[in-house]
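The structure appears right after this line, and notes come after that.
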Amino acid sequence: MPSKSSMEELFLPSTPGKFKDKSHHRQPHRSTSTLFLWALFLIALTAAYLSFQSFVDSGSKYFRIHWDNHVRSSAQIRRSNGFSVLVTGAAGFVGSHVSLALKKRGDGVVGLDNFNNYYDPALKKSRRDLLTAHGVFIVEGDINDAKLLAKLFDLVQFSHVMHLAAQAGVRYAMENPHSYIHSNIAGLVTLLEASKSANPQPSVVWASSSSVYGLNEKSPFSESDRTDKPASLYAATKKAGEEITHTYNHIYGLSITGLRFFTVYGPWGRPDMAYFSFTRNILQGKPITVYRGKNHADLARDFTYIDDIVKGCIGSLDSAKKSTGSGGKKRGPAQFRIFNLGNTSPVTVPMMVGILEKQLKVKAKKNLVDMPGNGDVPFTHANISYARTEFGYNPTTDLQTGLKKFVKWYLSYYGYNHAKSV
């Protein structure tokens, strides 16, 4: 607030001059009036601010309560001996399918996803809309947000965590390596910290990758094979994750199951995957790039349909034993497992392209290129006997059937008419 003398100076003329006594004696009256008006203005301004702040606080409190209720409602269990599961990466490809399957059988499900732009966020938001329609609430946030995780564990006593959030993609690691450290290592540690500090501790099932087998040439890949020669940064972060989870299992008694996924495909899939981008380019009349290995050998992948992966995820949850720690203190040895989830029937990439051509009724324009040194491996092939023994894992969808379902979804979702597109 300006002082009285400064207020008087404010109303004095800028050019010095003489004043009549009459004018000079009226000046204090004018200054007092001005001060009074300023005081009224400041009082009104303060009252308006306090009123607005009260409105904001009330609104924030309302939305906090509303948000809390959404989380609790989504986590509500609706079947006997059901689970309450926190699914990270719930708006992702595998995460959305697993969340929906759990919810449909009566488990409580709360999703967490940061909706990043690694690929079109619109697809993630469409998956979220689908889950919302089935009563699954997805919290928008990052797994590195320790306060958010603490809040979720405070609101809900999760019996299980299905950790599927990760920075995916082998080739993208060459463009943005730090995103893999942030999500796949730092994010995993943040989640494990929240899990081991929870009371009771949840059982944790998380997505590793078949990429950990790296340059392994033994086929099929078994869980007991060496995984110390990763061919990409993505693979290295997943291998690091397996070692980190073992540490938390050993020190804190967390029950942990790692799942090595083999080339998952199907409806609502990831646009960066070959089968997805091939479909788009074939429909648009654009050429596709088909990589070849050494001596022009065809690359092969153990393509695994999403429904079979979901069965493996749920089987892992159902067979997971309880953690043995409490509030960060271990009380005894805890379960630690790693499973391959594949289809056991590798198919070459050219054969996959041929199936797509048949389903789309369009001939692909192919550019055959030798595989660059970007971290890709020449083949993958899963040995799934361990998962079959432990919880009856049995994939049933072959690539032709699975791609037929994918193409049907793709044409429905994007509204393509291939005859017009080409």
request  = Would you list, by chain and number, the lysines whose Cα falls below 17 Å from the Cα of LYS229, excluding same-chain residues fewer than 8 positions away?
outcome  = LYS218, LYS238, LYS239
task = Once you've got the GNM for the chain with C-alpha springs shorter than 10 Å, pick whichever of MET162, MET352, MET273 has the biggest mean-square fluctuation.
result = MET273
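Give the dimensionless ratio obtained when the Cα radius of gyration of region 246-295 is divided by 2.2 N^0.38 Å.
Details: Rg = 18.8 Å, N = 50, 2.2 N^0.38 = 9.7 Å.
That works out to 1.93 for region 246-295.
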task = Calculate what fraction, in whole %, of the accessible area of region 141-267 sits on carbon and sulfur atoms when a 1.4 Å probe is rolled over the protein chains.
result = 54 percent
query = Rg and Dmax of region 149-241 over Cα atoms: what are they, in angstrom?
reply = 15.3, 47
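Shape of region 207-275 from its Cα gyration tensor (a ≥ b ≥ c, root eigenvalues): rounded if a/c is under 1.5, otherwise prolate when a/b > b/c, or oblate?
Details: a/c = 2.07, a/b = 1.39, b/c = 1.49.
Oblate shape, in that a/c is at least 1.5 and b/c is the bigger or equal ratio.
Report the net charge of residues surrounding ASN184, where surrounding means a beta-carbon distance below 15 angstrom and charges are Lys +1, Arg +1, Asp -1, Glu -1. Could the numbers behind the result be given before it?
On the way: positive: LYS238, LYS239, ARG260; negative: ASP142, GLU242, GLU243.
Result for the neighbourhood of ASN184: 0.
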task = Provide, in order from the shortest bin, the percent of all Cα-Cα pairs of region 62-111 in each 5 Å bin, continuing until the bin that contains the maximum pair distance.
result = 5, 24, 27, 21, 15, 7, 1
query = Just going by the charge dipole of the chain, with Lys and Arg at +1 and Asp and Glu at -1 on Cβ, which of THR190, THR227, VAL156 is farthest out on the positive end?
reply = VAL156
ask   = How much length is gained if the chain between ALA39 and SER326 is pulled fully straight, taking 0.36 nm per residue apart and subtracting their Cα-Cα distance, in nm to one decimal?
value = 97.4 nm
query = How much net charge surrounds GLY328 when only other residues with a Cβ under 14 Å from its Cβ are counted (Lys, Arg +1; Asp, Glu -1)?
reply = +3
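Using packing as a proxy for protection, rank 337-344, 138-145 so that the peptide with the highest average count of other Cβ atoms within 10 Å comes first. Please list the in-between numbers first.
Details: 337-344: 24.1, 138-145: 19.1.
Answer by packing, highest mean first, reads 337-344, 138-145.
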query = Relative contact order, percent, of the chain when contacts are C-alpha pairs under 8 Å separated by at least 6 residues?
reply = 15 percent
query = If you line up the Cα atoms of region 231-347 on their principal axes, what length do they span on each, largest first, in Å?
reply = 61, 29, 24
key: For the chain, built as a Gaussian network whose Cα springs stay under 10 Å, the top-fluctuating residue of SER224, SER73, SER84   = SER224
ask   = Can you list the HN-Hα couplings for region 109-124, worked out from phi with the Karplus curve (6.51, -1.76, 1.60; θ = phi - 60°), rounded to whole Hz and with x for Gly and Pro?
value = 9, 10, x, 9, 7, 9, 6, 5, 9, 4, 9, 3, x, 4, 5, 5
note = In this structure, among LYS286/LYS405; LYS311/LYS361; LYS125/LYS322; LYS286/LYS408, pairs with alpha-carbon gaps over 28 Å are LYS311/LYS361; LYS125/LYS322
task = May I ask you to work out the translational diffusion coefficient for region 280-373 at 25 °C, viscosity 0.890 mPa s, via Stokes-Einstein with Rh from the Kirkwood sum over Cα pairs, reported in whole µm²/s?
result = 143 µm²/s
request  = Along each of the three principal axes of the Cα atoms of region 112-154, give the extent in whole Å, ordering the values from largest to smallest.
outcome  = 29, 26, 7
task = Sorted from largest down, give the three principal axis spans of the alpha carbons of region 89-248, whole angstrom values.
result = 45, 36, 30
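What is the projected area of the convex hull of the Cα atoms of the chain, averaged over all directions, in nm²?
31.8 nm²
Semi-axes of the equivalent ellipsoid for region 280-326, please: Cα gyration tensor eigenvalues, times 5, square-rooted, ordered largest first, whole Å. All intermediate terms of the calculation are to be shown ahead of the outcome.
Numbers: eigenvalues 321, 57, 20 Å².
Equivalent ellipsoid of region 280-326: 40, 17, 10 Å, largest first.
Taking 56 Å as R0, compute the FRET efficiency from the Cβ-Cβ separation of LYS365 and ASN199 and round it to 0.05. Show your work: numbers first, answer last.
Numbers: r = 59 Å, r/R0 = 1.05.
That gives a FRET efficiency of 0.45.
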ask   = Got a sec? Charge dipole of region 306-417, +1 on Cβ for Lys and Arg, -1 for Asp and Glu; which of ALA334, THR348, TYR413 is way out at the positive end?
value = ALA334
task = Would you please give the residues with an amide H less than 5 Å from that of PHE221, counting only those at least 5 places away or on a separate chain, with H modeled from the backbone geometry?
result = HIS381, ALA382, ASN383
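Hey, how much of the P(r) for region 62-169 falls beyond 23 Å, as a percent of Cα pairs? Before the final figure, lay out the partial values.
Values: 1170 of 5778 pairs.
The calculated P(r) of region 62-169 puts 20 percent of pairs beyond 23 Å.
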message = Could you tell me the relative contact order of region 271-410? Use alpha-carbon pairs under 8 Å, at least six residues apart, and round to a whole percent.
response = 39 percent
request  = Between beta-carbons, use under 13 Å as the cut-off and find the net charge around THR304, counting Lys and Arg +1, Asp and Glu -1.
outcome  = -1
message = Per residue, how large is the accessible surface of the chain? Use a 1.4 angstrom probe and give square angstrom.
response = 50 Å²
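The values are calculated or read from the model by the stated rules, or taken from the named source; none is laboratory data. Since the structure is predicted, the reported quantities are computational estimates derived from the model, not experimental observations. All Cβ positions, even for glycine, are placed from backbone atoms using ideal geometry, and neighbour counts span all protein chains on display. What goes into the accessible areas is simple: the full protein's heavy atoms, side chains included, and nothing from ligands, DNA or RNA. Shrake-Rupley method; radii C 1.70, N 1.55, O 1.52, S 1.80 Å.
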